[in-house]
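Peer 1: Next up is a structure, given as C-alpha cells.
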Amino acid sequence: MPGNFLTTRLDAVLAWGRKFSLFHYPYVTACCGMEYMSAACAHFDIDRFGAGWTRFSPRQSDLLLVVGTIAQKLAPVLKTVYDQMTEPKWVIAFGACTVSGGIYDNYAVVQGVDRIIPVDIYIPGCPPRPEMVLDGLLKLQEKIKTQGQDWRWKKKTS
Amino acid sequence: MTSRLQARARPESLLLNMGPSHPAMHGTIRIMLELDGERILNSEVEVGYLHRGFEKTCENRTWFNLLIYTDRLNYVSPLINNLGYVMTVEKLLGLEVPERAQWIRVLMSELSRVSDHLTCLAAMAMECGAFTVFLYKMKAREFLWDVIEQTTGARMTTSYIRVGGVRADLHPDFEAGVRRGVAETRRVLKDVRGLLDKNKIFLGRTRDIAVMTPENAVAYGWTGPCLRSTGIAYDVRRAQPYLTYDRLDFEIPVGERGDNFDRYLVRMREMEQSLRIIEQCLKPLARTAKAPTGLEPAEAIRAARARRPEQPVRLSPNLEGSEKAVYPEIMAGDKRYVVPPKEDAYTTIEGLIAHFKQFMKGHGLRPPKGEAYFSVEGGNGELGFYIVSDGSDRPYRLHLRAPCFHVVAALEELIRGRYVADVIPTFGSMNMIGGELDR
Amino acid sequence: MEKEDILTVLRTAFPADVLETSAPFGDPVALVRPASLLEIMTFLKAGPRGFTMLLDLTCVDYPDRPERFEMVYHVFALEGCRRLRLKASLPAADPSIASLSGLWKNADWLEREVYDMFGVRFEGHPNLQRLFMYDGFEGHPLRKDYPLRRRQPRLPMRPES
C-alpha cells in the first residue's frame with residue numbers, strides 16, 4: 001500500500017511524539033559519564049529537549065546512550081542490553097572510545113561500539129563537550145523525524 | 001561459567017546479580033549477592049569491566065605522550081593523576097620545578113579534589129534518592145570546571161601538568177573565576193549539609209552501616225578519606241609534603257566510627273579545607289595581566305630568516321599562557337627534558353632543533369635507568385606511581401597504585417550480613433572510579 | 001637515618017636471604033630470596049614499629065634475564081611514615097611465590113591481578129583466578145611477549161576497517 005496523506009500525517013505525529021519523549025538508558029562506563037552528568041544537569045539540561053527521563057531498564061527505554069569505553073569483557077553485556085530493548089530503538093555512541101576505540105588501541109577495548117550493535121549517531125570527543133551532546137541529540141531528533149513507519153503490515157498479501 | 005559464589009551457595013538462598021550495567025554501580029562493577037530474603041549472606045565482587053590496558057599501553061608510548069592516558073585514570077580528578085605521574089618522572093630526573101608552577105599545581109590539584117568529592121557525594125546521595133543534592137553539586141562543579149577550562153583549555157581531561165612544570169600560565173581572569181567558584185561551592189555545601197546532615201532518611205541509610213575498624217582498614221591498605229573516616233589521620237600532603245603543601249594551613253578531617261556517614265562527612269569537611277587551600281594559593285599567584293603584543297608567528301618566522309627579531313612574537317590563542325616572558329616561571333629550564341618556548345622554536349635554529357629533538361622518535365625525554373615510586377594524595381587516597389626506566393624514550397614498566405582498588409577489595413566483607421539496600425550507600429561512599437580501579 | 005636502619009636491620013636478621021640492598025632516589029630497596037619472602041614479611045609486619053600496611057604488590061617482566069619475573073612489594077608503616085620496597089626474582093618457567101593474603105587482606109586482589117597479568121602463581125592464595133580479564137582469555141597481557149594489539153573478542157564482531 002503506497003504511502004498516502006493519512007499515513008504520512010500519522011508518521012509525522014508518531015515521529016513528533018517519539019523524538020520529544022526519548023527515554024534514554026545511560027550505559028555509562030567511564031570518563032564520558034562525567035560529561036553525560038553535566039549534560040543532564042542544570043547547566044546544559046537535556047530535559048528541555050524532552051530527553052530528560054533516565055530509564056534504568058532496557059525494556060522501558062528507547063535510546064541506548066553508550067557512554068564511555070567498552071571493554072572486551074563488557075561487550076556481551078552491551079549486546080544483551082541492546083537486544084532486550086524493544087523497538088523502536090536508537091543508539092548514540094557517545095565519546096571517542098565508543099566511536100572507534102578512542103585512544104585505546106589494545107587487547108582490552110572494543111574498537112568502536114558499532115562492531116557489536118548498530119549505531120545511529122556518533123558523538124566524537126574525548127570527552128565531548130555537553131553542547132556537542134545536545135547537538136547529537138538534536139541530530140537524532142531530526143533523524144527520527146524523517147524516519148517513517150513500516151506500513152507493510154497493512155499490505156494485502158496476494 | 002560458574003562463579004565461586006554460585007558454586008558455594010546454599011541451595012535455598014537466592015542469587016542476585018547487580019551490574020555491570022546498573023545505575024548505582026558507577027558503570028562497571030558486578031556484585032553477585034547470595035541472599036536470604038533481603039539479607040546478604042555472601043557476595044562476590046567482579047571487577048575488570050573497564051580494564052583498558054593502561055599499563056601495557058604506557059610501555060608503548062613515549063614519556064610525553066602517555067600523559068593523556070593518566071588523565072583518564074581517576075577521571076573525576078584528572079589533574080591529580082597528571083601530577084602523580086609527572087612528579088614520579090621528575091623524581092627519576094631529579095628535576096626542580098619553578099615556584100610559580102608549584103603553586104599552580106597545588107591550586108589545580110585542589111580544584112580537582114573538590115570536584116572529585118562533589119561528584120562522589122552527588123552520586124552517593126542520588127543513589128539514596130536525594131536527587132536535589134546531585135543537581136546542586138553538579139552546578140557547583142560547573143563553576144570549578146569553568147575555571148579549569150579557562151586556563152587549561154579542557155574541562156576534564158586536561159593534560160595540563162607536564163614534566164618540568166605546567167603547560168601554560170593561569171588566565172588573567174582566573175582570580176575572579178576562582179573566587180566565584182569557591183563562593184558557589186561554599187553555598188552549595190551549606191545547602192547540602194542542611195539537606196543531608198540531620199536528614200533522618202539519609203542517616204538511617206548511612207549511620208552505623210558498613211562500619212570499618214581502623215585495624216581492618218589498615219589491613220586492607222585503605223588510604224585517603226575512607227581511612228580517615230575510621231580515625232587514622234594519614235594524608236600524604238601532611239605526612240610527606242610535596243610541592244608547597246608544607247607552607248599551607250589546612251586541617252585533616254577525621255571521622256570516628258568508620259561508617260558510611262563518616263565517609264560522607266569526611267569528604268564534606270575535606271572540601272571545605274580544600275577551598276581554604278585554594279584561597280591561600282591566590283595570593284602567591286596574583287599578577288596583573290599584560291595584553292599580548294608583537295609579531296604574528298608567520299611574520300616572525302619570515303623576519304627570523306634574516307636576523308633574530310627583537311620584537312616579541314604574539315602566539316596563537318591556543319598557546320596563550322606559554323609566552324617566553326612567563327615560560328621560566330612555569331617550566332623548568334632543562335633543555336633535555338622540557339619543550340622550549342614557542343618563540344624560540346619559531347625564530348632561532350637552536351630552539352627549533354631543541355623542539356624537534358623533544359618529539360623525535362627515540363629522543364626527547366629519556367630518564368636515566370632506574371626505578372622510582374612517588375605518591376600524591378589523590379581524591380581517594382595515596383595515588384602512587386611506580387616507574388621503571390631503562391633509559392629509552394618509553395617507560396619499561398609503569399604501575400599505578402590505585403587507592404580505590406584497596407578500598408573496593410573490602411566491599412565483600414563490608415556488606416556481608418547487611419541488607420541489599422545497604423550496598424548502594426556503602427558502594428557510593430567508597431568512590432570507586434572505574435578508570436583507576438581497572439586501569 | 002631511619003631508612004638505612006631498616007636495611008641494616010633486615011641484613012642483620014636475614015643475612016643469607018637478603019641478597020642486595022640499595023636506596024635509589026632515597027627509597028630503601030631490598031632484593032630477597034623468594035623462598036624466604038613470607039618469613040621476611042612476617043618479621044617486617046610484627047611489632048609496634050612494624051610495617052602495618054601493604055601498599056602495593058606488582059611484577060616486572062625482564063625477558064632477557066634468567067630470573068624473568070621480578071616481584072615488587074611496597075610496604076608502609078603509618079607510624080613514622082616509613083616505606084620499604086622489597087623485590088624477589090622468579091624464574092621464567094612456572095614462576096611461583098608464597099601468597100601474602102594471610103598477612104594483609106588486600107594481597108588477595110593484588111595477587112590475583114599479578115596472576116592475571118603475568119601468570120605468576122601464589123601458593124596459599126584462597127582464590128587464584130583472573131581479576132581483570134574474563135574467563136577464557138588466553139595469555140597474560142602484561143608479559144613483554146604478549147602483543148599490545150592482539151584481539152580476543154568475546155562476541156562475533158564486524159571486522160575492523
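Peer 1: Under 21 Å Cα-Cα from C:Lys45, which lysines qualify once same-chain neighbours fewer than 8 residues away are excluded?
Peer 2: Of all the lysines, those that pass the test against C:Lys45 - Cα under 21 Å, at least 8 places apart if same chain - are C:Lys3, C:Lys87, C:Lys105.
Peer 1: Shifting gears a bit: Given H placed on each backbone N at 1.01 Å, which residues far from B:Leu248 in sequence or on other chains put an amide H within less than 5 Å of it?
Peer 2: Placed amide hydrogens put nothing under 5 Å from B:Leu248.
Peer 1: Nearest 100 Å², what total accessible surface is buried between chain B and chain C (probe 1.4 Å)?
Peer 2: Heavy-atom accessible area buried at this interface is about 3900 Å².
Peer 1: Can I ask one more? Using the heavy atoms of the protein chains alone and a 1.4 angstrom probe, what is the accessible area of segment A:24-146 per residue in square angstrom? Could you put the intermediate results ahead of the total?
Peer 2: Details: 4040 Å² over 123 residues.
Solvent-accessible surface per residue comes out at 33 Å².
Peer 1: Please report the carbon-and-sulfur percent of the accessible area for the protein assembly as shown; probe 1.4 Å, protein heavy atoms only, DNA, RNA and ligands left out.
Peer 2: So the carbon and sulfur contribution to the accessible surface is 54 percent.
Peer 1: With charges set only on the Cβ (+1 for Lys and Arg, -1 for Asp and Glu), what does the dipole of the protein assembly as shown come to about its Cα centre, in debye to the nearest 20?
Peer 2: About 1740 debye.
Peer 1: While we're here: Arranged from highest to lowest average of other beta-carbon atoms within 10 Å per residue, in what order do the peptides B:45-54, B:65-74, B:78-87, C:59-68 appear?
Peer 2: Order by mean packing, descending: B:78-87, B:45-54, B:65-74, C:59-68.
Peer 1: Hey, if you put +1 on the Cβ of every Lys and Arg and -1 on every Asp and Glu Cβ in chain B, which of B:Ser43, B:Ala183, B:Asn260 ends up farthest toward the positive end of that dipole?
Peer 2: Of the listed residues, the answer is B:Ala183.
Peer 1: Sort C:Arg130, B:Arg305 by accessible area with a 1.4 Å probe, largest first.
Peer 2: Details: C:Arg130 40, B:Arg305 185 Å².
Most to least solvent-accessible, the answer reads B:Arg305, C:Arg130.
Peer 1: Would you tell me the accessible area of B:Ser316, worked out with a 1.4 angstrom probe on the heavy atoms of the protein chains, in Å² to the nearest 10?
Peer 2: 40
Peer 1: If you don't mind, another one. Straight-line reach from B:Lys200: which lysines have Cα under 29 Å away, leaving out those fewer than 8 places along the same chain?
Peer 2: Here the lysines satisfying the reach criterion relative to B:Lys200 are B:Lys137, B:Lys139, B:Lys190.
Peer 1: Separate question: Using the alpha carbons of segment B:365-404, what is the convex hull volume per residue in cubic angstrom, as a whole number?
Peer 2: Residue-normalised Cα hull volume stands at 61 Å³.
Peer 1: Something else now. Could you derive backbone 3J(HN,Hα) for segment B:386-396 from the dihedral phi with the Karplus parameters 6.51, -1.76 and 1.60 (θ = phi - 60°), listing whole Hz in sequence and x where the residue is Gly or Pro?
Peer 2: 10, 10, 10, 10, 10, x, 8, 7, 10, x, 6
Peer 1: May I ask for the accessible area buried between chains A and B, both sides summed, probe 1.4 Å, to the nearest 100 Å²?
Peer 2: 2900
Peer 1: If you plug each phi of segment A:32-38 into the Karplus form 6.51 cos²θ - 1.76 cosθ + 1.60 with θ = phi - 60°, what whole-Hz ³J(HN,Hα) values come out, in order, with x for Gly and Pro?
Peer 2: 4, x, 5, 6, 5, 4, 4
Peer 1: Given a 1.4 Å probe, how much area per residue of chain B is accessible, in Å²?
Peer 2: Here the per-residue accessible area is 36 Å².
Peer 1: For segment B:111-159, list whatever residues lose no less than 50 Å² of accessible surface once every protein chain is in place, relative to that chain by itself, with the probe at 1.4 Å.
Peer 2: By number: B:Glu142, B:Arg155, B:Met156.
Peer 1: With N set to the residue count of segment C:3-94, report its C-alpha Rg divided by 2.2 N^0.38 Å to two decimal places.
Peer 2: 1.06
Peer 1: Same structure, new question: Just checking the output field for C:19-32: average partner chain Cβ neighbours within 10 Å of each residue's Cβ?
Peer 2: Numbers: counts 0, 0, 0, 0, 0, 7, 9, 2, 6, 0, 2, 0, 0, 0.
What the average comes to for C:19-32 is 2.
Peer 1: Tell me the total accessible area that A and C bury against each other, 1.4 angstrom probe, in square angstrom rounded to 100.
Peer 2: 1500
Peer 1: Over the protein assembly as shown, what number does the Rg to Rh ratio reach, with both radii from the alpha-carbon atoms and Rh per Kirkwood?
Peer 2: 0.98
Peer 1: So how do A:Tyr104, B:Tyr327 rank on accessible area, 1.4 Å probe, biggest first, that is with the largest at the start?
Peer 2: B:Tyr327, A:Tyr104
Peer 1: Using only the heavy atoms of the protein chains and a 1.4 Å probe, how would A:Phe5, C:Phe137, A:Phe56 rank by accessible area, largest first?
Peer 2: A:Phe5, A:Phe56, C:Phe137
Peer 1: Over the alpha carbons of chain A, what is the largest minus smallest coordinate on each principal axis, giving the biggest first in Å?
Peer 2: Computed over chain A, the largest-to-smallest principal extents equal 53, 39, 24 Å.
Peer 1: What number, rounded to the nearest 500 deg cm²/dmol, is the helix-based mean residue ellipticity at 222 nm of the protein assembly as shown, given -39500 (n - 2.57) per DSSP H run of at least four residues and division by all its residues?
Peer 2: -12000 deg cm²/dmol
Peer 1: Choose one of C:Leu57, C:Leu37, C:Thr12: the residue whose Cα lies farthest towards the positive end of the charge dipole of segment C:3-94 (beta-carbon charges +1 Lys, Arg; -1 Asp, Glu; about the Cα centre).
Peer 2: Result: C:Thr12, furthest along the dipole toward the positive end.
Peer 1: What number of lysine-lysine pairs in segment A:24-146 show an alpha-carbon separation below 20 angstrom, given a sequence spacing of 8 or more or placement on distinct chains?
Peer 2: Details: A:Lys79/A:Lys89; A:Lys89/A:Lys139; A:Lys89/A:Lys143; A:Lys89/A:Lys145.
Step by step, the pairs that qualify in segment A:24-146 add up to 4.
Peer 1: Share of antiparallel DSSP beta bridges in the protein assembly as shown, in percent to the nearest 5?
Peer 2: Working: 51 of 73 bridges.
Antiparallel bridges make up about 70 percent of those DSSP assigns within the protein assembly as shown.
Peer 1: Please turn the phi angles of segment B:199-210 into ³J(HN,Hα) values with the Karplus equation 6.51 cos²θ - 1.76 cosθ + 1.60 (θ = phi - 60°), one per residue in order, whole Hz, x for glycine and proline.
Peer 2: So the Karplus estimates, Gly and Pro as x, are 6, 4, 5, 5, 5, x, 8, 10, 5, 6, 9, 6 Hz.
Peer 1: Another question, then. Which cross-chain or sequence-distant (5 or more) residues have an amide H under 5 Å from the amide H of A:Val91, H modelled 1.01 Å from N in plane?
Peer 2: Placed amide hydrogens put A:Leu64, A:Asp120, A:Ile121 under 5 Å from A:Val91.
Peer 1: Would you work out the charge dipole size for segment A:24-146 about its Cα centre, treating the Cβ of every Lys and Arg as +1 and the Cβ of every Asp and Glu as -1, and quote it to the nearest 20 debye? Working shown, then result.
Peer 2: Numbers: 11 positive and 12 negative charges, 46 e Å.
Here the size comes out at about 220 debye.
Peer 1: Amide H of B:Glu382 versus every other amide H placed in the peptide plane: which residues, excluding those fewer than 5 positions away on the same chain, fall under 5 Å?
Peer 2: B:Thr223, B:Gly224
Peer 1: Same structure, new question: Using alpha carbons only, how many angstrom separate the centre of segment C:96-120 from the centre of segment A:26-74?
Peer 2: The two parts, judged by their Cα centres, are 36 Å apart.
The values are calculated or read from the model by the stated rules, or taken from the named source; none is laboratory data. These numbers were taken from a predicted model, which means no experiment stands behind them. Please note: Cβ atoms are built from the backbone with ideal geometry, for glycine as well, and neighbour counts cover all protein chains shown. Just so you know, the surface numbers come from the protein's heavy atoms only, side chains and all, with ligands and any DNA or RNA stripped out. Shrake-Rupley method; radii C 1.70, N 1.55, O 1.52, S 1.80 Å.
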